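Okay, so here's the structure we're looking at.
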Amino acid sequence: MEYISALDAARKWGISKRRVQILCIEDRIAGVKKVGNMWLIPEDAEKPKDGRTKGQKNEQFEEDGMTKEEFNAEMLRLNEELKVLNKSAQELERKIAENLLSLVKG
């Protein structure tokens, strides 16, 4: 039997390496082995069903209780907030650079 690493499985399944490691710890991948600190996953193993979500019409994420739509809206809001903060940080950096130049010039 051929094996792949957790990173290779993550790339294959489109999830994070950490998520693959958690699936291994939870024994949700058939035939998985741990050698030292490395997980070996059978090359032909199938990605386990994501048990973190409830199968409802308006899907709820168990950890935070948000629907997928609410989560996406929150991510968009936070992205806009981040843009504003980045702009403010750039302005502060510009002002600091101006002040340093005026101090150096005397």
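Descriptive notes on the structure:
- Checked against a 26 Å cut-off, the cross-linked pairs K17/K87; K12/K87; K17/K49; K17/K83; K17/K68; K12/K33 give Cα-Cα distances beyond that limit for K17/K87; K12/K87; K17/K83.
- MRE, 222 nm, helices only [DSSP H, n ≥ 4, -39500 (n - 2.57), over the chain, to nearest 500]: -17500 deg cm²/dmol
- Using θ = phi - 60° in the Karplus curve 6.51 cos²θ - 1.76 cosθ + 1.60, the 3J(HN,Hα) couplings for region 30-44 round to 5, x, 5, 10, 10, 10, x, 10, 10, 8, 10, 10, x, 4, 9 Hz; x is entered for Gly and Pro.
- Take every Cα pair under 8 Å whose residues are at least 6 apart in sequence, average their separation, divide by the length of the chain, and the relative contact order is 17 percent.
- Per-pair calculated FRET efficiency, R0 = 30 Å: E69 and A30 via Cβ, rounded to 0.05: 0.35
- Ranked list, fewest to most other Cβ atoms within 10 Å of each Cβ, for R19, R77: R77, R19
- Close amide H contacts of L40 (hydrogens built in the peptide plane, cut-off under 5 Å, sequence separation of 5 or more or a different chain): K33, K34, V35.
- Sequence-distant residues sharing a close amide H with M66 (under 5 Å, placed H): F61
- Convex hull volume per residue in cubic angstrom - Cα atoms of region 1-51: 69
- Residue exposure proxy: V20, V35, ordered by other Cβ atoms within 10 angstrom of their Cβ from fewest to most, comes out as V35, V20.
- Size of the chain: Rg and Dmax of its alpha carbons, in Å, are 23.0, 73.
- Choice from K49, K34, K95 showing the highest fluctuation, given a GNM over the chain with Cα pairs closer than 10 Å: K95
Only the coordinates and a few stated rules stand behind these numbers; no lab work does. On a predicted model such as this, the values are computed, not experimentally measured, just so you know. No Cβ is skipped: glycine too gets one built from the backbone with ideal geometry, and neighbour counts run over all protein chains shown.
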